[in-house]
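Chemist: Here it is, the structure, as structure tokens.
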Amino acid sequence: MLSKKRNKVQAEFNMSSLTDIIFLLLIFFMLTSSMVQINVPLPKSDSTTVAPTDLAVMIKLDESVSLNGKATSWDVIEKEIASFVRYSKNKENATISIIAESGVTYDKMHTIMKIASGLKLRAILATQPHKGHGN
């Protein structure tokens, strides 16, 4: 019995370069999605601490409020923060960054601090350093 050898061609696809590209895209979108544009003058401070933040509450001089860059109202801000924290992966160490335009009344900042305290979140006030300090 004569048996013939058959050469079977196997098509192979190397996935390593594709996974590298997907990994880089994932890192890019993770970094850019958490950035919040701040285009308001902030109160000045001597503090140089930089802290990570999970969500940002911006209060403008006209007392409008936004959560992570999306406009909202004072009537529902607590519910929206609670909802965000409920579905967050960082529930135990969640931090709210309060970005208040220079001149905003303390009452509005205090409202957000009370919400954070009630939800057992850390709250930090965003400030800008004095010119010439620490440079």
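Each value in this text was obtained by applying a stated rule to the coordinates, not by laboratory testing. Quick caveat, the model's predicted, so the values are computed rather than measured. Neighbour counts are summed over all protein chains in view; Cβ atoms, including those assigned to glycine, are modelled from backbone coordinates with ideal geometry.
Chemist: What is the order of Val57, Val76, fewest Cβ neighbours within 10 Å to most? The partial results should precede the final answer.
Modeler: On the way: Val57 26, Val76 12.
So the residues, fewest neighbours to most, are Val76, Val57.
Chemist: Using 0.36 nm times the number of residues separating Tyr106 and Ile21, minus their current alpha carbon distance, what extension gain do you get? Each step should come with its number before you reach the end.
Modeler: Numbers: separation 85, 0.36 × 85 = 30.60 nm, distance 4.70 nm.
Gain on extension, Tyr106 to Ile21, equals 25.9 nm.
Chemist: Given labels modelled 7 Å from the Cα in the Cβ direction, how far is it in nm from Gln10 to Ala71?
Modeler: 6.1
Chemist: Rounded to whole Hz and in sequence order, give me ³J(HN,Hα) for segment 72-80 from the Karplus expression 6.51 cos²θ - 1.76 cosθ + 1.60, θ = phi - 60°, writing x for Gly and Pro.
Modeler: 9, 10, 5, 5, 10, 4, 5, 5, 5
Chemist: Next question. When a footprinting reagent is the concern and you count Cβ atoms within 10 Å, what order do Arg86, Arg122 take, fewest first? Write down the numbers at each step before the final one.
Modeler: Values: Arg86 9, Arg122 14.
Ranked by crowding around the Cβ, least crowded first: Arg86, Arg122.
Chemist: Listing Met15, Met113, Met58 from the residue with the fewest other Cβ atoms within 10 Å to the one with the most, what is the order? Don't skip to the end; give the middle numbers.
Modeler: Numbers: Met15 9, Met113 17, Met58 24.
Final ranking by Cβ density, sparse to dense: Met15, Met113, Met58.
Chemist: Ordered by residue, what ³J(HN,Hα) values in Hz, to whole numbers, does segment 17-24 give under the Karplus form 6.51 cos²θ - 1.76 cosθ + 1.60, where θ = phi - 60° and Gly and Pro are x?
Modeler: 5, 5, 5, 4, 5, 5, 4, 5
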